[in-house]
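Trainee: First the structure, then my questions, so here it is.
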Amino acid sequence: MQLYHTFQQDAQSGKKQFAILIDPDKNSPDQISRIAQIASREGVDYFFMGGSLLMQNHLEKYISCIRKECDIPVILFPGNNIQLTPNADAILLLSLISGRNPDLLIGRHVISAPFLKQSRLEILPTGYLLIDGGNHSSVAYMSNTTPIPALKNDIAAATAMAGEMLGLKLIYLDAGSGASHPVLPAMIHAVKSHITVPLIVGGGINTPDQALLAFQAGADVIVVGNALEKDPDLIPPIARQRKIAGRKG
Ligand code: 1GP
C-alpha cells in the first residue's frame, strides 16, 4: 500500500503516528540496530532519514541496519541532493515554503527530478515550515532562510494553507533538530485547523509530555530524533502517547 494513503487514512481517523528521525552522522550501526529493535516492538510508524549536513556517507549502510531488524518504512528526509538513495521506501520531497530561497522552493527539485523519476521511491510532496525554536538552527543556517517567529500563528497557518493550495500533500512544522523548545501547541492548533492534509510536527520534542501536547494540539505525526539518540529507552513511553492522544483527541 502506498505510504501516503496510510498517512492520510490515519490522520482522518485520528490515529496518531510516530516517526523516528535518524541522522546518519549522529548514530552508530549498533545504536541504529538497537533503536530499530525497540521501534519494531513498539510499532513505530516510520523512520525518517537525513540531516542538514552529512559529514559521512552512511545512508545506505544505516538503511540496511534498519531493514535487518524490522519492516518499518524508511522515508528520506534529505537536507540536500546528495542525500538520495533508491533503497528507501519514500522521500519527503520538501519545499521550504516558510523561506524565500528559490533553490529550496524549486531549484534542487529540478536537479533531483530525473533521479527520483527513475527510482522506485514514493514521492511525498511536503510543505516544510521552519519555525523559530529558540536557537539558531542548522536548518536556518544551511538553508539561508528565516524561520517563522514562534508566536506568529497566523503566518504559519497562511503559509500552510498556501502550501496545501499549491498541491503539497503533507505539511511539516519543524522547530529544527535540537530546538530549545518545540513548536508551540497554539501554532500546531492554528495550522491544523486551516488544512486538511496530514500535519507532521518535529524539532525539540524530547519528552513523552511534549509528544502528548503536540498530538493533542493537532499533530498527526510527531518526529523525534535527538532525544532518542541520547536515550532509545524513551521510544516506548513516547510511542504510548499515540494511544492516549488518540483516545482523548
Ligand atoms: C528535525 O523534526 C526533526 O528536523 C527532529 O528534531 O532531533 O530535535 O527531535 P529533534
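Read-outs throughout are calculated quantities, based only on the coordinates presented, and are distinct from any laboratory measurement. It should be emphasised that the depicted structure is a prediction, and the values quoted were computed from it without experimental measurement. Note: ideal-geometry Cβ built from the backbone for every residue, glycine included; neighbour counts use all protein chains shown.
Trainee: Using each residue's phi in the stretch 204-212, evaluate 6.51 cos²θ - 1.76 cosθ + 1.60 at θ = phi - 60° and report the 3J(HN,Hα) Karplus result to the nearest Hz, with x for Gly and Pro.
Mentor: Values per residue, Gly and Pro as x: x, 7, 10, 9, x, 5, 5, 5, 4 Hz.
Trainee: Compare the peptides 228-238, 39-49 by average per-residue count of other Cβ atoms within 10 angstrom and give them in order, highest first.
Mentor: Working: 228-238: 16.5, 39-49: 20.7.
Order by mean packing, descending: 39-49, 228-238.
Trainee: Then there is this: Cut-off under 14 Å on the C-alpha distance; same-chain residues fewer than 8 positions from LYS61 excluded. Which aspartates and glutamates are left, in chain and number order?
Mentor: Those aspartates and glutamates meeting the cut-off are ASP23, ASP25, ASP30, GLU69.
Trainee: Turning to a different aspect of this structure: For n ≥ 4 DSSP H runs only, could you compute -39500 (n - 2.57) per run for the chain, divide by its residues and tell me the 222 nm figure to the nearest 500? Walk me through the numbers on the way to the answer.
Mentor: Details: 10 runs with 103 residues, N = 249.
Roughly -12500 deg cm²/dmol at 222 nm, from the helical runs in the chain.
Trainee: Take the Cβ-Cβ distance between GLN2 and LEU166 as r, set R0 to 30 Å, and report the resulting FRET efficiency rounded to the nearest 0.05.
Mentor: Details: r = 21 Å, r/R0 = 0.69.
Efficiency, from the Cβ-Cβ distance: 0.90.
Trainee: Let me ask something else. Quick query: amide H of LEU21 versus all other amide H atoms, modeled in the peptide plane; which residues come in under 5 Å with a sequence gap of 5 or more or a different chain?
Mentor: PHE48, VAL224, GLY225
Trainee: By average Cβ neighbour count within 10 Å, what is the ranking of 185-196, 61-72, 88-99 from highest down?
Mentor: Values: 185-196: 18.5, 61-72: 16.8, 88-99: 22.2.
Highest mean packing first, the order is 88-99, 185-196, 61-72.
Trainee: Quick check on the stretch 115-171: what are the equivalent-ellipsoid semi-axes from the Cα gyration tensor, as sqrt(5λ), descending, whole Å? Mind dumping the intermediate values first?
Mentor: Values: eigenvalues 126, 57, 11 Å².
Three semi-axes, in Å: 25, 17, 7.
Trainee: OK, next. By average Cβ neighbour count within 10 Å, what is the ranking of 203-210, 215-222, 161-168 from highest down? Intermediate values should be presented prior to the final figure.
Mentor: Numbers: 203-210: 20.2, 215-222: 23.9, 161-168: 15.0.
Top of the packing list down: 215-222, 203-210, 161-168.
Trainee: Okay, moving on. If the chain between ASN57 and ARG41 were fully stretched, how many nm would it gain, using 0.36 nm times the residue separation less the Cα-Cα distance?
Mentor: Numbers: separation 16, 0.36 × 16 = 5.76 nm, distance 2.81 nm.
Extending this stretch completely gives an extra 3.0 nm.
Trainee: What per residue convex hull volume, in Å³, comes out for the chain when only alpha-carbon positions are used?
Mentor: 110 Å³
Trainee: With 29 Å as the limit, write out which pairs from LYS16/LYS68; LYS68/LYS192; LYS117/LYS243 have Cα-Cα distances beyond it, or answer none. Present the calculation step by step, with values, prior to reporting the outcome.
Mentor: Numbers: LYS16/LYS68 26 Å; LYS68/LYS192 36 Å; LYS117/LYS243 37 Å.
The answer is LYS68/LYS192; LYS117/LYS243.
Trainee: When the chain is fully extended, how far beyond the present Cα-Cα distance does ASP233 get from GLN31, taking 0.36 nm per residue of separation?
Mentor: Working: separation 202, 0.36 × 202 = 72.72 nm, distance 1.16 nm.
Length difference between fully extended and current span is 71.6 nm.
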